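Structure record follows, encoded as structure tokens.
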Amino acid sequence: MNSADLKKFIQGIPKAELHLHIEGSFEPERMFEIAHRNGIGLEYDSITSLKKAYQFNNLQEFLDLYYIGAQVLLHERDFYELTWAYLCKVHSQNVVHVEVFFDPQTHTDRGIAFEVVISGIYKALERAKDEFNMSFRLIMSYLRHLSEAAAFATLESSLPYKQLIDGVGLDSSELGNPPKKFAKVFAASAKQGYQLVAHAGEEGPVDYIWEALDLLKVVRIDHGNRCLDDEALVQRLCDDQIPLTLCPLSNVALKVIQKMEEHPVKKMLDKGLLATIHSDDPAYFGGYMNENYYETAKALALTDAHLMQLAINAFEASWLDPETKERRITEVKDYFRAVQV
Ligand code: HPA
Ligand code: ZN
């Protein structure tokens, strides 16, 4: 298939996005517009100079910039516009289901009320449900570079909005902040009815993936690239069909891998792991869902069978109710069958 045909083919696949930080969908143009409206100066004097700073050697260099960008978000309207823009974009890419992360501490630590953040995000998600028939789940992430006590305080602040939140996650600086630091707050979160996921094995070692499974008791691993370093872990992930939400463009941008050709997703699929593809922080890493599928398919020469498996896996790994899940998986299969004829 040539590039144009492959892009068109990927466009048509019904897709689910399960690993997306809403603050990471903040496009520079919108960041400047909102900064201006809120009377906040950015360190960068133009969109061009900001974009030039998007060169990262590791996760931390990215996070430093990501937290600066998020500082211009003050009002419910800002969170709403950020989220709505993301949803419009992925709707145009035939994404039919999203599970979105937000980082409350990035905002509450600046004095923004939890309610302001969640109301803005949630109203946009509801609009996408009404207008696009897009289903959604919302995941609150604890920042792992902050303390366990701070995560407990965040859990407490979330309780009045519990009905709006489906799960908790763990993100930010991985190295030096192992999952075990958050074992108690994850247990407390589960007691409140939240589902559990965690970033692990992006930059961190396989031990962090084991800890996420055994100590945090997560139902999905975000990233998990490093699992191939440990055969027993691969076996465990396969046996329990624990999803791995991979983000190929993110991995290249943050130098988790040196080039796309080294991405482990094909090996993972071939081993029977429940691997899926997502965009992580698309405004920073050069692409949304379609671009992640396309660049991966091209670099690894993925077959139709691989692409179909990726699309099915994402629905399988989602928190959709069983009937909707089945319906979406059937739609994926029908799409591949129709296009092959
Ligand atoms: N990894 C860890 N934390 C994050 C990321 C990521 O890719 N994006 C936003 N927070
Ligand atoms: Zn992430």
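The values are calculated or read from the model by the stated rules, or taken from the named source; none is laboratory data. Just so it is clear, the structure is predicted and the values come from calculations on it, not from any experiment. Cβ coordinates were reconstructed from backbone atoms using ideal geometry, including for glycine residues, and neighbour counts include every protein chain displayed. When the accessible area is computed, the model is the full protein with side chains, heavy atoms only, and any ligands, DNA or RNA have been set aside. Shrake-Rupley method; radii C 1.70, N 1.55, O 1.52, S 1.80 Å.
Condition test on GLN55, is it surrounded by fewer than 18 Cβ atoms within 10 Å (Cβ to Cβ), touching a residue at least 12 places away in the same chain (Cβ under 8 Å) and out of contact with any Phe, Trp or Tyr (no Cβ under 9 Å at 6 or more places or on another chain)?
no
Tell me which residues, restricted to segment 67-79, are open to solvent by 10 Å² or more (accessible area, probe 1.4 Å) and under 21 Å from GLU43 (Cα atoms).
TYR67, ILE68, GLN71, LEU74, HIS75
Being in contact with a His (Cβ under 7 Å, 6 or more places away or on another chain) and outside any helix (DSSP H, G or I) is the filter; apply it to segment 259-285 and report the residue that is surrounded by the most Cβ atoms within 10 Å (Cβ to Cβ).
Going residue by residue through segment 259-285, those that are in contact with a His (Cβ under 7 Å, 6 or more places away or on another chain) are 266, 269, 278, 280-281.
Subset that is outside any helix (DSSP H, G or I): 278, 280-281.
Numbers: HIS278: 27, ASP280: 30, ASP281: 25.
If we take residues in segment 259-285 being in contact with a His (Cβ under 7 Å, 6 or more places away or on another chain) and outside any helix (DSSP H, G or I), then ASP280 is surrounded by the most Cβ atoms within 10 Å (Cβ to Cβ).
Before we move on, is GLN163 of a type in the set (S, T, N, Q), touching a residue at least 40 places away in the same chain (Cβ under 8 Å) and more than 16 Å from ligand 1 (Cβ to nearest atom)? Can you show your working first?
On the way: of a type in the set (S, T, N, Q): yes; touching a residue at least 40 places away in the same chain (Cβ under 8 Å): no; more than 16 Å from ligand 1 (Cβ to nearest atom): yes.
When the stated conditions are applied, GLN163 does not pass them.
As an exercise: evaluate LYS333 against (1) more than 30 Å from PHE32 (Cβ to Cβ); (2) in a helix (DSSP H, G or I); (3) touching a residue at least 40 places away in the same chain (Cβ under 8 Å) and give the number of the one condition it does not meet.
Answer for LYS333: the failing condition is (3).
Sort out which residues of segment 313-341 are among the small types (Gly, Ala, Ser) and surrounded by 15 or more Cβ atoms within 10 Å (Cβ to Cβ), and write them in order of number.
Listed by number, the residues that qualify are ALA314, ALA317, SER318.
For segment 247-258, what are the residues that are more than 12 Å from ligand 2 (Cβ to nearest atom), open to solvent by less than 30 Å² (accessible area, probe 1.4 Å) and assigned to a loop (DSSP other than H, G, I, E, B)?
Correct list: ILE257 only.
Check LEU82 against each of (1) part of a helix (DSSP H, G or I); (2) open to solvent by 40 Å² or more (accessible area, probe 1.4 Å) and name the one condition it does not meet.
(2)
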